[in-house]
Structure formats: structure tokens, C-alpha cells
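Structure first, then comments.
The values are calculated or read from the model by the stated rules, or taken from the named source; none is laboratory data. None of these values were measured; they are calculated from a predicted model. Here the Cβ positions follow ideal geometry from the backbone for every residue, glycine too, while neighbour counts run over all protein chains shown.
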Amino acid sequence: MDWVLKTRKHALAPKPLFLEMPESLNIDIPIYPPSARFEVDARLGEVEFACDLSICKGACCTMPGGRGAPVLKAEISELERAFPIVSKYLPEKALEAIAEQGIWRNEIDGTFTISTIGRRECIFVHWENDIAFCSIQTAFRKGEIQGFEKPISCHLFPIRIYPERKKDTFFICYEEIDECEGGRVNGKKVHMPLLEFLRSPLARALGKERTELLIQSFKEEPPAA
Ligand code: SF4
């Protein structure tokens, strides 16, 4: 297997949230090619996690702070394909924001993000009672969209994959934020390892074989405390 597993502690890093990908109308799966090499946050094997929307209310889709969710260049065409299908779910304020800003933004550092309403709520959010849901994922689960469940950065959260300085090398890490406290409490309650909970998006990103290797590597050799 041509990849490297290392473990190290990770603090939130001000690195770009974007992996530059070749221009494409379709997203290759796995997203990270076989030649990619990975370093791995030790906490991936320690954290138990299972989202509890009744507690967090879908906070990761409505995070204040300016930038919207990071997206791959290759995902932009998927967002544009999804918008006419999901627009029926979106609130008026989202449609107004899209009319003003468009669906996505090219940031000053060359990365791409999804537009937001008031530098907070993702323009693809729809609400059920007081809980924020991704309208793309809603449409995907209803069979209205095929082949694209949601952007991979959203699908993987609270796991992030950052490019490292070394070419073709990436760091897979756990991002611990206050908003996910309900997910941590629920994960402990139901004994759900983070990597198991996110097995499906990990397989999109890494492929099934590398995902299994990642999960097994922690089972065989738990990281030192
Ligand atoms: S990732 Fe965190 S904020 Fe987002 S739905 Fe899960 S627990 Fe809630």
C-alpha cells in the first residue's frame, strides 16, 4: 500500500481548507488518488462521535465567521447541477443571496467556497423546525439527485483533510469544535467510533480499501496517549 500512516496531535491550523483538483465535470472517486500519501491525527482513533441534531441543530451548516463551506473546484459543476433541483427547498433569503452572490465564491487565496447568507448560514440550508439541513443531501436521499450527496468537506466534517507542504501529501485530522459537543456525548453513549460514523464519506475521499486500512490501523495499534 503506497501511503504512510503517521500519528500526531493536531491543533486547529490556519491552513487552506481546499484541495486543488484538476478541472472536471465529474468527480473522480476516490477523490484522493492512489498516489496520495497521508499523515493521520492520533485522535481519529480515540474519538467516539455520532451527530445529534436535536442538540446542535445542524450548527456546522450555519457557522458564523465569514467563509462558507470549502468546495473542490471539481464540485462546482455539481453545485450548479444541484441548484435547480433543490431551489424548491430553499428559503427566500437564500434565493435572494444566490441572486446577489451566486452559488459559489472564488476566494482571494484561490480557494472555492459556497456562498453564505450574512456570512453565516450556507445558501443550501433548508430548515425543518429549528434544525438546519443540507438541501443537496435531502434531495439525494429522496432520489432527486444522483452521484453527489454533498460536498466532501461537509460530508466528512468533523474530519478535515488538509494539503501538506510536501507534494501529494495530506493530513487527515479531527476538528474539535464546541458546536459538536452533542455529537461527542451521543458517540460515547452509543459507543460509535468517529471513523465508523464517517466510513461512507471516508470511502468517497480515500476509497474503500484505504478507509479499511485506516480503521484497522487504529484497531491493531491504538495510538499512545
Ligand atoms: S458535525 Fe457537529 S455541528 Fe454538524 S451535525 Fe454533526 S454534531 Fe452537529
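Out of the residues in the range 63-89 that are within 15 Å of the ligand (Cβ to nearest atom) and surrounded by fewer than 19 Cβ atoms within 10 Å (Cβ to Cβ), state the one that is nearest to I177 (Cα to Cα). In this case the residue turns out to be M63. Annotation: of all residues in the range 187-201 being in contact with a Pro (Cβ under 9 Å, 6 or more places away or on another chain) and part of a helix (DSSP H, G or I), the one that is farthest from I55 (Cα to Cα) is L194.
For (1) part of a strand (DSSP E or B); (2) at pLDDT 95 or above; (3) surrounded by 19 or more Cβ atoms within 10 Å (Cβ to Cβ), each residue gets a yes or a no:
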{"position": "F133", "(1), (2), (3)": "yes, yes, no"}
{"position": "A139", "(1), (2), (3)": "no, yes, yes"}
{"position": "E144", "(1), (2), (3)": "no, yes, no"}
{"position": "G147", "(1), (2), (3)": "no, no, no"}
{"position": "K167", "(1), (2), (3)": "no, no, no"}
{"position": "E181", "(1), (2), (3)": "no, yes, no"}
{"position": "V185", "(1), (2), (3)": "no, yes, no"}
{"position": "T211", "(1), (2), (3)": "no, yes, yes"}
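Consider E149 against the criteria (1) among the charged types (D, E, K, R); (2) more than 18 Å from the chain's Cα centre (by Cα); (3) closer than 18 Å to A82 by Cα: it satisfies all of them except one. Which criterion is unmet? Condition (2) is where E149 drops out.
Yes/no per residue for (1) under 18 Å from I27 (Cα atoms); (2) charged (D, E, K, R):
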residue	(1), (2)
K166	no, yes
Y174	no, no
E179	no, yes
K208	yes, yes
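Within 13 Å of the ligand (Cβ to nearest atom) and buried (at least 19 other Cβ atoms within 10 Å of the Cβ): is that true of C173 in this structure? Against the criterion (within 13 Å of the ligand (Cβ to nearest atom) and buried (at least 19 other Cβ atoms within 10 Å of the Cβ)), C173 does not qualify.
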